[in-house]
Each structure stands twice: as C-alpha cells, then as structure tokens.
Amino acid sequence: MRNQTIEEVKDDRKEILELYKDLRVTDVRDGMDWVGMHGYGTVHHSIKPLYRTKVVGIARTARYMPYEGPSPRVTGEEYTDWVKWYYSEVCNDPWGKEIEQGDFICMDVSGMDVGILGSNNTLDFKHKGAVGYLTNGGGIRDTDEVIMQQIPVWSKFVSQGMDQARIRFDSKDVPVAIGGVAIYPGDVIVADGDGVVVVPRKLAYKVAQYAHQELKGDKAGRKRLYEKLGWELDETVL
C-alpha cells in the first residue's frame with residue numbers, strides 16, 4: 001500500500017479530508033498511538049509554523065537537491081539570461097501543474113537555505129488548490145506577504161535567497177523524508193500550532209476512528225469545566 005501512486009489513492013480523498021477536517025494534531029497523534037504507531041508520524045519539532053493556523057491535506061511530494069554548479073561567472077543582463085535558463089532547465093516545479101484541491105505540498109529541499117516558495121508562486125498554487133506547505137529547510141521567503149495572504153507553511157527556518165545556483169529539482173510524486181518522517185504521495189497531513197503529524201494512507205480510517213474518540217472525550221471534559229467556571233460555551237467544546 002505504501003507504494004501506491006497518487007492516481008491510485010485519489011478515489012477517497014474527499015472522504016478522508018472530510019473525516020479529518022475537525023481533528024487537531026494531538027487527536028491524530030493519539031489516534032496513531034491507538035494503532036501502535038507510537039514512534040512514527042510526528043514531524044520533528046524543529047519544523048514550525050510560519051504563523052498559527054490549522055490545515056488538513058493530502059501529501060503531494062517533491063524532492064530538491066543542492067545545485068552542484070558551476071555557478072555563473074556573469075553579472076547584469078548576462079546573469080538575467082542565465083537565470084532564465086536556470087529556471088527552465090535546472091530548478092522548476094512540474095508538480096505545480098498537477099495540484100488538486102486539498103493537496104498539502106511536502107518538499108524535501110535537502111535542508112537548504114533557499115526561498116523556493118514565496119509570495120507569488122504560493123498564491124498561484126493556492127489558486128490551483130494547494131492548502132499548505134511542509135519543508136525540511138528554509139524553503140520560504142517574502143514571509144510578511146505570505147502571512148498576510150494566509151499561506152500556511154511549516155518549515156525549519158525562513159530564507160532570504162532565491163533558488164538560482166543553490167538548488168535543483170530532482171523528482172516528484174516520490175517518498176520524501178522530512179523531520180524524521182517518510183512521507184509518501186497520498187498520505188494524510190495534519191498540521192497546526194502543535195506541529196505536523198503524518199498518517200500513512202492505509203491507516204487513515206483506523207487512525208481517524210480513534211482520533212475522533214479522543215476529540216469527543218476532550219470536548220466533553222472541557223465542556224463540563226467550562227460550565228463549572230461559568231464560561232460561555234464555544235465551538236471547541238460543542
């Protein structure tokens with residue numbers, strides 16, 4: 001099952017997104033424990049949200065590698081011409097043409113300090129249906145605009161530099177390793193202020209069953225405490 005392609009796991013993606021839409025990272029983490037996956041699925045805590053938000057999506061993966069060179073020996077307009085060649089032949093994003101509604105873009109950027117995502121291309125991908133981004137390096141820049149535009153990103157750090165002479169596209173729709181977790185195309189990604197958890201697609205329904213059990217119990221317990229405190233009930237306890 002872990003070797004399934006994106007095409008093979010499309011059929012129930014809407015059902016799965018609906019099943020997970022109200023679940024928190026902690027609920028899903030508990031659900032993973034309930035099926036025996038205690039040591040798997042939690043992306044390392046060094047990878048943090050650009051701003052606090054919550055996203056559920058289906059993994060679409062891409063891998064980028066350090067650019068081996070040679071670095072350009074030109075400047076000015078000659079450098080402009082070289083950059084056009086570079087983005088055409090070396091560092092591009094063919095996966096961006098295939099985005100579907102609900103895709104969570106998981107980019108293994110080899111830990112590089114490079115702003116492969118920014119205020120412009122993330123808006124284009126949002127229009128196509130991307131709901132969030134996960135990287136294991138920088139991978140994001142223009143962060144003031146990205147936050148204003150409400151583009152959810154979880155990354156290890158923020159970058160300044162552009163792609164050129166730093167990174168190259170390697171492959172798409174392949175397993176990637178981010179924050180100590182192997183992510184396969186079609187896996188379920190849940191991310192919020194507590195970080196990111198990855199659910200293998202073959203376990204999605206069973207994990208959701210126990211995650212909802214935990215969420216239901218949490219809401220009931222907190223509702224009783226709200227009432228004792230005389231607080232007005234909100235959507236987190238109803």
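The values are calculated or read from the model by the stated rules, or taken from the named source; none is laboratory data. Nothing here was measured: the structure is a model prediction, and the numbers come from that model. Virtual Cβ from ideal backbone geometry, glycine too; neighbours counted across all protein chains shown. To get the accessible areas, we keep the full protein, side chains included, count just its heavy atoms, and leave off ligands, DNA and RNA. Shrake-Rupley method; radii C 1.70, N 1.55, O 1.52, S 1.80 Å.
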query: Only one of (1) open to solvent by less than 40 Å² (accessible area, probe 1.4 Å); (2) assigned to a helix (DSSP H, G or I) is not met by ALA220, so which one is it?
result: (1)
message: Looking only at segment 135-180, filter to residues that are in a strand (DSSP E or B) and among the polar types (S, T, N, Q); which one of those is nearest to the chain's Cα centre (by Cα)?
response: THR135
task: Answer with yes or no whether GLY115 is at positive phi, in contact (Cβ under 8 Å) with a residue 12 or more places away in the chain and in a loop (DSSP other than H, G, I, E, B).
output: no
statement: Scanning segment 84-98 for residues that are open to solvent by less than 50 Å² (accessible area, probe 1.4 Å) and touching an Asp or Glu at 6+ places or on another chain (Cβ under 9 Å), the one farthest from ALA177 (Cα to Cα) turns out to be TYR86
message: Report every pair of residues separated by at least 6 positions or lying on different chains whose Cβ atoms are under 7 Å apart, first residue within segment 77-90 and within 14 Å of ARG168 (Cα to Cα), second open to solvent by less than 70 Å² (accessible area, probe 1.4 Å) and not hydrophobic (A, V, I, L, M, F, W, C).
response: VAL83/GLN164; TYR86/GLN164; VAL90/TYR67; VAL90/ARG168
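Name the one entry in ASP27, ASP22, ASP81, ASP113 that is in contact with a His (Cβ under 9 Å, 6 or more places away or on another chain) and open to solvent by 60 Å² or more (accessible area, probe 1.4 Å).
On the way: ASP27 fails: open to solvent by 60 Å² or more (accessible area, probe 1.4 Å); ASP81 fails: in contact with a His (Cβ under 9 Å, 6 or more places away or on another chain); ASP113 fails: in contact with a His (Cβ under 9 Å, 6 or more places away or on another chain).
Answer to the check: ASP22.
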- request: Can you give me the number of residues within segment 42-67 that are part of a loop (DSSP other than H, G, I, E, B), farther than 12 Å from ALA191 by Cβ and of a type in the set (S, T, N, Q)?
  value: 1
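Here's the yes/no breakdown for (1) at negative phi; (2) within 18 Å of the chain's Cα centre (by Cα):
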{"position": "THR26", "(1), (2)": "yes, yes"}
{"position": "HIS38", "(1), (2)": "yes, no"}
{"position": "GLY41", "(1), (2)": "no, yes"}
{"position": "ALA59", "(1), (2)": "yes, yes"}
{"position": "ASP93", "(1), (2)": "yes, yes"}
{"position": "GLY96", "(1), (2)": "yes, yes"}
- prompt: Out of segment 166-182, which residues are surrounded by fewer than 24 Cβ atoms within 10 Å (Cβ to Cβ) and touching a Pro at 6+ places or on another chain (Cβ under 7 Å)?
  reply: LYS172, ASP173, ALA182
task: Filter segment 183-217 down to the residues that are open to solvent by less than 40 Å² (accessible area, probe 1.4 Å) and in a loop (DSSP other than H, G, I, E, B), then identify the one that is farthest from GLY36 (Cα to Cα).
output: GLY193
